[in-house]
Amino acid sequence: MSAMDSRRSPFPNQRGPRPQSEYEERVVQIDRVARVQKGGRRFRFRATVVVGDRKGKVGLGIAKAQDVQGAIRKAVDEAKKDFIQVPTIDQTIPFELVTTFTGAKVLLKPARKGTGIIAGGAVRPVIELSGITNILSKSLGSNNRINNAKAALKGLQTFADTDLSRLHPKQEAKEATEAKEAKKAKEAEAA
């Protein structure tokens, strides 16, 4: 028996275990969509998938394919291209925010430790896979799952684009203390 034969599976038609990805994926919605052509309708599938690592990285992907698995695979690839880094303070968001995307409106509020994730619909997987563990949210306006997921992602993107050092009082106090100590050290060196 050669080295090549020892690595072969005893079941030739089965693949070995798939390597675990560092990212978790959650299917938000699968739709059957149609395109009308001369010969009739052509059906395809559209998948909406949220991908995240539960450590602050999250992305949303939407893709179409002839079969469901192909659509999901393409949507996962799309989501990985558009990751955002979500900052958290004490496992929650830094401040309250209302974001809109077309007709969907999503309210995101910080929550105390132990509250958990109070969210539903398409907002929940976006928040869970971003790594936030304490948050309150409410979907207002449209019930469209894709638009609600995009509105939640847009809100999380707002946190990523904001300078949070000014918002967190402990961080601000720490920076002020460090600045005072540095000033005292300079004065001591000068004297």
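Just so you know, all these numbers are worked out from the coordinates, no wet-lab data involved. The structure displayed is predicted, hence computed values, not measured ones. Methodologically, a virtual Cβ is constructed for each residue, glycine included, from the backbone with ideal geometry; neighbour enumeration extends over all protein chains shown.
Could you go through the range 26-37 in sequence order and give the Karplus-derived ³J(HN,Hα) for each residue, using 6.51 cos²θ - 1.76 cosθ + 1.60 with θ = phi - 60°, rounded to whole Hz, and x for Gly and Pro?
9, 7, 8, 7, 10, 10, 9, 10, 10, 10, 8, 10
Once the piece of chain linking residue 90 and residue 30 is laid out straight, how much longer is it, given 0.36 nm per residue of separation minus the C-alpha distance between them?
Values: separation 60, 0.36 × 60 = 21.60 nm, distance 3.43 nm.
Going from the current span to full extension adds 18.2 nm.
Residue 189 versus residue 22, label points 7 Å from Cα toward the beta carbon: distance in nm?
Taking the two extended label points, one gets 3.8 nm.
If contacts are Cα pairs under 8 angstrom and at least 6 residues apart, what is the relative contact order of the range 86-163 in percent?
Relative CO of the range 86-163 lands at 38 percent.
What is the gain in length, in nm to one decimal, between residue 44 and residue 182 on full extension, counting 0.36 nm per residue of separation less the C-alpha to C-alpha distance?
Values: separation 138, 0.36 × 138 = 49.68 nm, distance 6.37 nm.
Extending this stretch completely gives an extra 43.3 nm.
Classify the range 29-123 from the C-alpha gyration tensor, please: rounded if a/c falls under 1.5, else prolate or oblate depending on whether a/b exceeds b/c.
On the way: a/c = 3.18, a/b = 2.20, b/c = 1.45.
Since a/c reaches 1.5 and a/b is larger than b/c, the shape of the range 29-123 is classed as prolate.
Please list 3J(HN,Hα) in residue order for the range 63-77, calculated via the Karplus relation 6.51 cos²θ - 1.76 cosθ + 1.60 where θ = phi - 60°; whole Hz, with x for glycine and proline.
Once rounded to whole Hz, the list reads 8, 10, 7, 5, 10, 5, 4, x, 5, 5, 4, 5, 5, 4, 4.
When only DSSP loop residues count, what chymotrypsin sites (Phe, Trp or Tyr not before Pro) in the range 81-152 have their Cβ near at most 16 other Cβ atoms within 10 Å? Working shown, then result.
On the way: sites: 83, 95, 101; in loops: 83, 95.
Qualifying residues, ordered by number: 83, 95.
Which values, in whole Å and largest first, are the semi-axes of the equivalent ellipsoid of the range 86-163 obtained as the square root of 5 times each eigenvalue of the Cα gyration tensor? Kindly include the intermediate steps, with their values, before the conclusion.
Values: eigenvalues 70, 35, 19 Å².
Semi-axes, largest first: 19, 13, 10 Å.
Amide H of residue 142: which non-local residues (sequence gap of 5 or more, or other chain) have their own amide H closer than 5 Å, using H built in the peptide plane?
Correct list: 104, 105.
Convex hull over the Cα atoms of the range 23-81, averaged projected area in nm²? Provide the component values of the computation, followed by the final result.
On the way: hull surface 15.7 nm².
Across all orientations, the range 23-81 yields a mean hull projection of 3.9 nm².
What is the gain in length, in nm to one decimal, between residue 140 and residue 162 on full extension, counting 0.36 nm per residue of separation less the C-alpha to C-alpha distance? Please list the in-between numbers first.
Details: separation 22, 0.36 × 22 = 7.92 nm, distance 2.37 nm.
Between residue 140 and residue 162, full extension yields an extra 5.5 nm.
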